[in-house]
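Participant: Handing you a structure now.
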Amino acid sequence: MNTTPPTLPVLFGTNAAAGGDALALSMDGHPGLTWREYARQVARLAPGFVGLGVRPGEPVALLSGPRPEFHVVDTALLHARAVPFSLQESDPVERLARNLNVTNANILVVEERLVDLARQVTAALGRPITLVGLDHASPGFLSLDAVAKRGTGGPSVEQLRAAIDPEDIATLIFTSGTTGEPKAVQLSHRAIVISQFSTHKLAPFHQPGHEGVVLSYLPLNHIAERFMSHYAQLTFGLAIHCVPNPDTLYDTIRKVRPTRFFGVPRVYEKLTNMARDLIEADPALTAALAVNLRRVRAEQSGQSPSAAEVAEAEAALASLARVRESLGLDRAEYVGVATAPSAYAMLEFLLAIGLRISDIWGLSEAIMCTLNPPNAIRLGTVGRFLDGVEGRIAEDGEILVRGPNVFSGYLNDPEQTRQIWHDGWIHTGDVGSIEDGYLRILGRKKEMLITATGKNIAPAVIENALKSASPLIDYAVAIADNQRYVTALVALDPQQLRAFTGRPEASFAELAASPEVRQAIADAVEAANRTLSRPESVRAFHIVDTPWTPGGDELTATGKLRRDVIAKKYAEQIEQLYR
């Protein structure tokens, strides 16, 4: 593979020239930007940031949700050879200030909605910082017009673009902090672009250039959103529709009908529930689903269907087209899921209704490592290694990777870099196995549970079995470390809980404690246990009395479990499970 790819700004220049008056950036209630307008604004702002004093390699922070102005400013900063990175608005003020100090960022670009938060952060920072308004000119903030004027007489955007090297750092991604203090991952243009090209090789962009559209709705401080929307646009010329309000996501999917879609498991769980409701209300769709579930299960077990079975499955798939249309994913040529484990039953269902959902795997330090090719999906795995990426399993089961997709080290932290990256391999912290070229993730090395009897148990296996057993279960946490048997904490889905009980007036805590809900969860645990080995079987459970939300105490912004926090917060309830 070519290890010296073009830079993101070079790719942007090519796509902007070809895009012309086609829509590049849009958002409900926003006039949108064509590629010509997008390029014009970047050409104004990039020299302006240089005039403002931004030096090559200097980190610049953005505090913003998904909106067109974010993409314009981030792209302009890339042209200025800066290192734009995003802060997560749900983080505590102290952590936001810490991240700014770790990077030594001297400029913070802020969306108007978050001006008050930015003022709190700067007060906690303890040093001066230049504030720039992303979409406003509030007191104390430079407007983008004022920034653009700083570039008068400076280098042109073409001159700036030509000076960028593929090894220049394109962004910083702060690790989730689930296993300690967040670290700033440095990602180069090379790592991002090669990962984009390798993804295209296994999951091709059939919609040429400007005919494709993706949604931007996940937190922009994570590489998943930046990679699947922002950097995919710069590389391949896709249009982006921004979704700043997550409450409107599912309506927006139906309206925009993206040609490529990426989501975390939580999003697909909601889509699955919507599809199930539609199918269960129609006997013809129920029958078609049954036919396709048989087809999927036969495919996954390696069986070859007869000609009659193929014809029956194709007819059933055609009749399920209106289910895909009702979700808004009927145009999607690629549907990806990552960031946390997905329940097998959910993936099987989505495949059966005709969504070729691709479970993928990577990490902040190695952007894209594996992908399930849409034409060769193997459920229960995260797919095959991308072109140029090597993977192997260490003696203790840890997955090691190396290739041109890996990071350039943690910012100002050589010791932590050496700990994860030595002998040429990234030590991912994930445990897995490789079967016929497909990678299977068993769990996090540090999260493996060791019972009092010496059994090693992967919690994700148990948690996925529980979530697959009932739509009521939103999140589950397996407990077993140094204990005689496995127990679980169960967090309920608020929407499913109210639909199940038919009591919208009651409080969440009241419904969670009701006998009918406890019995439903007990039935789900029993069903899950039938799919688990005896050591993995759940012997007792506790239903928590509040819902868990991404970015809260129990979950990261992308839905990963904060196991240490959960263990401390629910210590008393866990102790009760073993009495």
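The values are calculated or read from the model by the stated rules, or taken from the named source; none is laboratory data. Predicted, not measured: the structure shown is a model, and the values here were computed from it. No Cβ is skipped: glycine too gets one built from the backbone with ideal geometry, and neighbour counts run over all protein chains shown.
Participant: Considering only the stretch 401-512, give the strands (runs of 3 or more DSSP E) lying wholly within it that have at least 2 residues that are more than 30 Å from Ser358 (Cβ to Cβ) and in contact (Cβ under 8 Å) with a residue 24 or more places away in the chain.
Facilitator: 486-492
Participant: For the stretch 458-494, enumerate the residues that are basic (Lys, Arg) and surrounded by fewer than 24 Cβ atoms within 10 Å (Cβ to Cβ).
Facilitator: Arg484
Participant: Okay, next question. Does the stretch 40-47 include one or more residues that are touching a Lys or Arg at 6+ places or on another chain (Cβ under 6 Å) and surrounded by fewer than 19 Cβ atoms within 10 Å (Cβ to Cβ)?
Facilitator: No, the stretch 40-47 contains no residue that is touching a Lys or Arg at 6+ places or on another chain (Cβ under 6 Å) and surrounded by fewer than 19 Cβ atoms within 10 Å (Cβ to Cβ).
Participant: Do you know which residues across the stretch 340-369 are under 25 Å from Pro550 (Cα atoms) and of a type in the set (Val, Ile, Thr)?
Facilitator: Ile357, Ile360, Ile367, listed by residue number.
Participant: Taking the stretch 367-392 as the region of interest, how many residues are under 19 Å from Ala460 (Cβ atoms) and surrounded by fewer than 15 Cβ atoms within 10 Å (Cβ to Cβ)?
Facilitator: So the answer is 0.
Participant: Further, regarding this structure: Quick test for you: out of Arg44, Arg67, Arg36, pick the one residue that is more than 19 Å from Thr122 (Cβ to Cβ), without any contact (Cβ under 8 Å) to a residue 24 or more places away in the chain and basic (Lys, Arg).
Facilitator: None of the others qualify; the one that does is Arg36.
Participant: May I pose another question? Has the stretch 101-111 got any residue that is closer than 27 Å to Gln233 by Cβ, in a helix (DSSP H, G or I) and touching a residue at least 60 places away in the same chain (Cβ under 8 Å)?
Facilitator: yes
Participant: Checking the conditions here, which among Val389, Val382 is among the β-branched types (Val, Ile, Thr) and under 12 Å from Leu439 (Cα atoms)?
Facilitator: Val382
Participant: State whether the residues of the stretch 351-371 include one that is part of a helix (DSSP H, G or I) and either within 22 Å of the chain's Cα centre (by Cα) or in the same structural domain as Pro84 (by TED's automatic domain parsing) (or both).
Facilitator: Yes, some residue in the stretch 351-371 is part of a helix (DSSP H, G or I) and either within 22 Å of the chain's Cα centre (by Cα) or in the same structural domain as Pro84 (by TED's automatic domain parsing) (or both).
Participant: Being hydroxyl-bearing (Ser, Thr, Tyr) and under 30 Å from Pro166 (Cα atoms) is the filter; apply it to the stretch 74-127 and report the residue that is surrounded by the fewest Cβ atoms within 10 Å (Cβ to Cβ).
Facilitator: Out of the qualifying residues, it is Thr103.
Participant: Now for a different question. So which residues in the stretch 125-135 are outside any loop (DSSP other than H, G, I, E, B) and out of contact with any Lys or Arg (no Cβ under 9 Å at 6 or more places or on another chain)?
Facilitator: Leu125, Thr130, Val132, Gly133
Participant: Sort out which residues of the stretch 217-227 are over 8 Å from the mean Cα position of the chain (by Cα) and surrounded by 24 or more Cβ atoms within 10 Å (Cβ to Cβ), and write them in order of number.
Facilitator: Hits for the stretch 217-227 are Leu220, Asn221, Arg226.
Participant: Given the criteria outside any helix (DSSP H, G or I), of a type in the set (A, V, I, L, M) and at pLDDT 95 or above, does Val121 qualify?
Facilitator: Spelling it out, it is not the case that Val121 is outside any helix (DSSP H, G or I), of a type in the set (A, V, I, L, M) and at pLDDT 95 or above.
Participant: Assess whether Ala61 counts as being touching a helix residue (DSSP H, G or I) at 6+ places or on another chain (Cβ under 9 Å), assigned by TED's automatic domain parsing to the domain that holds Val102 and not in a strand (DSSP E or B).
Facilitator: Here the answer is no, as Ala61 does not meet what is asked.
Participant: A further question on this structure: Which condition number does Thr199 fail, the rest of (1) under 16 Å from the mean Cα position of the chain (by Cα); (2) assigned to a strand (DSSP E or B) being met?
Facilitator: (2)
Participant: Among the residues of the stretch 275-307, write down those that are among the charged types (D, E, K, R) and in a helix (DSSP H, G or I).
Facilitator: Selection gives Arg276, Asp277, Glu280, Arg294, Arg295, Arg297, Glu299.
Participant: Give me a count of the residues in the stretch 513-550 that are within 19 Å of Ala465 (Cα to Cα), among the polar types (S, T, N, Q) and not in a helix (DSSP H, G or I).
Facilitator: Number of matching residues: 3.
Participant: Would you mind finding the one in Ala163, Ala137 that is within 17 Å of Val110 (Cβ to Cβ), surrounded by fewer than 21 Cβ atoms within 10 Å (Cβ to Cβ) and among the hydrophobic types (A, V, I, L, M, F, W, C)?
Facilitator: Going through Ala163, Ala137 in turn, just one is within 17 Å of Val110 (Cβ to Cβ), surrounded by fewer than 21 Cβ atoms within 10 Å (Cβ to Cβ) and among the hydrophobic types (A, V, I, L, M, F, W, C): Ala137.
Participant: Let me ask something else about it. Return a yes/no flag: does the stretch 329-344 have any residue that is assigned to a helix (DSSP H, G or I) and of a type in the set (Gly, Ala, Ser).
Facilitator: no
Participant: Quickly run through the stretch 372-388 and pick out the residues that are assigned to a loop (DSSP other than H, G, I, E, B), in contact with a Ser or Thr (Cβ under 7 Å, 6 or more places away or on another chain) and either at pLDDT 95 or above or more than 20 Å from Thr7 (Cβ to Cβ) (or both).
Facilitator: Result: Asn372, Pro374, Ile377, Val382, Gly383, Leu386.
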